[in-house]
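Before any comments, here is the structure.
The values are calculated or read from the model by the stated rules, or taken from the named source; none is laboratory data. What you see is a predicted model, and the numbers here were worked out from it, not measured in a lab. Virtual Cβ from ideal backbone geometry, glycine too; neighbours counted across all protein chains shown.
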Amino acid sequence: MILGLVAICAPLGDSCLSRGMTRLPTVSLTHPAALIAAVFTPWIATGIALLIGFFASYLTALSWADLTFVLPATAFGNVIVALLSRFWLHEPISIQRWAGIALITLGVSFVAQGPSRTERPGVSAAGVDVSKRVLQSATNEIDNSEEAVEEQLR
Amino acid sequence: MNFASQGGHINPWSAATMIACVVLCSTTGEVLTAAAMKSLGDLDEIRAHSGIKGAIRAVVSCPLFFAGVSFLALAFFSLLFALNHLNLSLVAPASASLTLVTNAVAGKIFLKENVDRRRWTAAVLVCIGVYFLAH
C-alpha cells in the first residue's frame, strides 16, 4: 500500500503542479512574490499536499525496504500516468510507449518477486558469536576471582 | 544533433555534464536518505510506539536525512538549470533512466544491498521502459 501511494502521489502531484503553473501568467524572477502567491492556488496547493504525501510514504518505504527495491517498484507510477492519459484524457499512445509500459511492468514484476530487504545473517551471527565469547570470558574471570577469594579466606 | 531548448547550440559535452550533475546529485541524495531511514529502523514501529510526532522527531533529528534532502534539492535545481538549456525530451528520460542504474550501483557499494541478478534486470528493464515512455 505504501509503495502504491509513492507510485500514485508523485506523478499526480507533478501533474497538479504542472496544471496549476500553466494556468498562471508567466512568473518572472524579478517578482518572486508571485511564486508565493501561486502556492495558495487550488491546483498548486493540491500538488504540494500530494508531494508531501509522496515524500512521507517514500521515507516510510525506505525504512523497511532497500533503495534498489523501492526505486524500480515505484517506477510503476509512470505506467499509471500513461494509462490515465490514455483512458481518462483520451490521448493517443504510440507503439513505442506501449513497449515502455510493458518493459516497466516486467521490471516491476521481476523486483517484486524478490525480498524487499537485504538480510545480513552473517553480521548478526558474528555479533552473537562475539557476545557469547565476551560473556564466556567474563564468566571465567568471575570464577577465577571467586576461587582466589576462597583461597585467601582459607 | 541539436538538443538546445532555446534554438541555440549546445556542445554535447556540456549537455552530458549537465545531465551528469543531475544524476550525481540525485543519486547522492537518494543514497543518503536511504541510509538515514535504515539507521532509524521501521518508521511504522516508531509511530506505533511514540505516535506520529515521535516519528517526525526521529526523522528530523537525523543529520544524514538533512544531508540527503540537501542533495535532492541540489538535484532539483540542477534539473531546472539543465531544462533551461536543454530539451525536456532529452533531460527527463536521460536523468530518470540513468539515476535508476547509478542507484543500483551506489546501493550495492555504499548501502551494501544485495543487488542480485533479478534487481539488475529490473533496473535495466525499467530504465529502457522509462526511456521509451518519455519519447
- Message: Of everything in the stretch A:1-60, what is in a loop (DSSP other than H, G, I, E, B) and among the small types (G, A, S)? Give them in sequence order.
- Response: A:S28
- Can you spot a residue in the stretch B:7-14 that is within 14 Å of another protein chain (Cβ to nearest Cβ) and out of contact with any helix residue (DSSP H, G or I) (no Cβ under 7 Å at 6 or more places or on another chain)? no
- Could you please find all residues in the stretch B:56-97 being more than 13 Å from chain A (Cβ to nearest Cβ) and outside any helix (DSSP H, G or I)? B:S61, B:L86, B:N87
- Query: Would you call B:V22 in a helix (DSSP H, G or I) and under 22 Å from B:V130 (Cβ atoms)?
  - Reply: yes
- Is there a residue in the stretch A:74-89 that is assigned by TED's automatic domain parsing to the domain that holds A:L17, at pLDDT below 80 and among the charged types (D, E, K, R)? yes
- Query: Can you find a residue in the stretch B:111-125 that is polar (S, T, N, Q), in contact with a helix residue (DSSP H, G or I) (Cβ under 9 Å, 6 or more places away or on another chain) and within 11 Å of chain A (Cβ to nearest Cβ)?
  - Reply: yes
- Item | Among (1) out of contact with any helix residue (DSSP H, G or I) (no Cβ under 8 Å at 6 or more places or on another chain); (2) over 20 Å from A:I2 (Cβ atoms); (3) not in a loop (DSSP other than H, G, I, E, B) - the single one B:G51 does not satisfy | (2)
- Give the stretch A:90-118 a look and list any residue that's under 26 Å from A:V70 (Cβ atoms), at pLDDT 75 or above and among the β-branched types (V, I, T), or say none. A:I101, A:I104, A:T105, A:V108
- Tally time: how many residues in the stretch A:1-20 are over 16 Å from A:V79 (Cβ atoms) and in contact with a Gly (Cβ under 9 Å, 6 or more places away or on another chain)? 6
- Kindly indicate whether A:S57 is free of Cβ contacts under 8 Å to residues at least 12 places away in the same chain, closer than 23 Å to B:I46 by Cβ, in contact with a Leu (Cβ under 9 Å, 6 or more places away or on another chain) and buried (at least 17 other Cβ atoms within 10 Å of the Cβ). no
- Note on the structure: Over the stretch B:46-55, the set of residues surrounded by fewer than 21 Cβ atoms within 10 Å (Cβ to Cβ) and at the interface with another protein chain (Cβ under 9 Å from one of its Cβ atoms) is B:I46, B:R47
- Message: Take A:F69 and tell me if it is of a type outside the set (G, A, S), modelled with pLDDT of 75 or more, under 19 Å from B:L43 (Cα atoms) and assigned by TED's automatic domain parsing to the domain that holds A:L17.
- Response: yes
- Under 6 Å between Cβ atoms, at least 6 apart or on separate chains: pull out the pairs that start in the stretch B:78-97 with a residue that is buried (at least 17 other Cβ atoms within 10 Å of the Cβ) and end on any residue that is among the aromatic types (F, W, Y). B:L86/B:F3; B:L90/B:F3; B:P93/B:Y131; B:S97/B:Y131
- Note on the structure: A:F87: passes all of (1) facing chain B (nearest Cβ under 9 Å); (2) of a type in the set (A, V, I, L, M, F, W, C); (3) over 9 Å from the mean Cα position of the chain (by Cα) but (1)
